[in-house]
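A short write-up of the structure that comes next.
Bear in mind these aren't lab numbers, they're just calculated from the coordinates by the rules spelled out. Quantities reported herein were computed from a predicted structural model and do not represent experimental measurements. In this analysis, Cβ positions are derived from the backbone assuming ideal geometry, glycine residues included, and neighbour counts consider all displayed protein chains.
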Amino acid sequence: MKSDFAQSHNDVDNIIKLKTAHDILIAEIGKVIIGQRTVIDELLISLLARGHCLLVGVPGLAKTLLISTLARALDLKFSRIQFTPDLMPSDITGTEVIEEDKSTGRKQFKFVRGPVFANIVLADEINRTPPKTQSALLQAMQEHEVSSAGETLKLDEPFFVLATQNPIEQEGTYPLPEAQLDRFMFNLWVDYPDAAEEEEIVRSTTSSYTAEIRPVLKTEEIIAMQSLVRRVPVADSLIQYAVQLVRRTRPKAPDAPAFIREWISWGAGPRASQYLILAAKTKAILDGRPTPDIADVRAVVRPVLRHRIVTNFNAEAQGVSTIDIIDKLISEEGKS
């Protein structure tokens, strides 16, 4: 990749460069991570769209390794926070300590920055800490800043929060409030590898092989790519499609399908519509295309809506999942 990406103002050239960078990045991450191509692509979409991701999967699926490898391939500052029941908000944002000036003997407060001051922050098992500590990430995720002792400190760009959850163990966990869930652009399900991938994982991890990850992009190039996403043109008809799709998840909407009224208590809010369009735009340029289409929106509906619709007792009693509802909604939308 040429280092003049940030200086170039030709969006067509930049889309070509981004497509090349994307291919190289996938190859670099593939040196360590076997399979999980869809998850990797969706992580990159979220990063370039200035979003955050929640990764859900059982232990041992290399979620942490994937995130740290992504940080190495992008040459970004990475920090990992292990969320535990006794974790305090200051353990995330930072705290003030008393520091003595040895030359004058005067004492003063000094703010020591916490692990949130990084480009990629891994919130490992985020649901294992109480809501008070979970909420310490809200301001950072939304405004990209931290307030402490009456002072507001800006976080370095790009800033990307990746949180993990274990779907099996529920004892001793604290479900994320809906307001915090809505801050995550994507909810990604990390599934088991197939047989061939698992054989390759065992082969590579039980040998002396050590992958060397080469940084693909510089910080200023990533920021320039994030700006490029915002400049991608999108047809009004596509915006109308995304908004209509989200509005149909709301059981009180006039045009909500009967199954939505039967199975859903609360539908997705306007942030879902925004993320559908941003994700579609990002997906299009990662594929080397100058503008998105309906297929791009449909490709990202699952990770955008999975955590934004709340099912009711009827759905639980009938064994209907949020993914079942989303798939049915897309299917009916395609017929209309």
Over the chain, relative contact order from alpha-carbon pairs under 8 Å, at least 6 apart, %:
22
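Taking the Cβ of Ser273 as the centre, find all other residues whose Cβ is under 11 Å away and add up their charges (Lys, Arg: +1; Asp, Glu: -1).
Values: positive: Arg247, Arg271, Arg308; negative: none.
Net local charge, Ser273 excluded: +3.
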Under 1.5 on a/c is rounded, so check that first for the range 1-103, then, if it is not, pick prolate when a/b is larger than b/c and oblate when it is not; a ≥ b ≥ c are the square roots of the alpha carbon gyration tensor eigenvalues.
oblate
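By per-residue mean of other Cβ atoms within 10 Å, what is the highest-first order of 247-259, 212-224?
212-224, 247-259
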Cross-link partners of Lys154 among lysines (Cα-Cα below 26 Å; sequence separation of 8 or more within a chain)
Lys77, Lys107, Lys110, Lys132, Lys218
How long are the three semi-axes of the equivalent ellipsoid for the chain, computed from the Cα gyration tensor as the root of 5 times each eigenvalue, in whole Å, largest first?
33, 26, 23
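With n ≥ 4 as the cut-off for DSSP H runs, can you work out [θ] at 222 nm for the chain, using -39500 (n - 2.57) per run divided by the number of residues, rounded to the nearest 500? Can you show the working numbers first?
Values: 15 runs with 151 residues, N = 336.
After summing the helix terms and dividing by the residues of the chain, the value is -13000 deg cm²/dmol.
List the DSSP H helices in the chain whose Cα atoms stretch 18 Å or more along the helix axis and whose mean Kyte-Doolittle hydropathy is at least 0.0.
11-29, 270-286
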Show the residues, 5+ positions off or on another chain, whose built amide H is closer than 5 Å to the amide H of Arg80.
Leu122
Taking the alpha-carbon centroid of each part, what is the distance from the range 82-128 to the range 241-289 in angstrom?
38
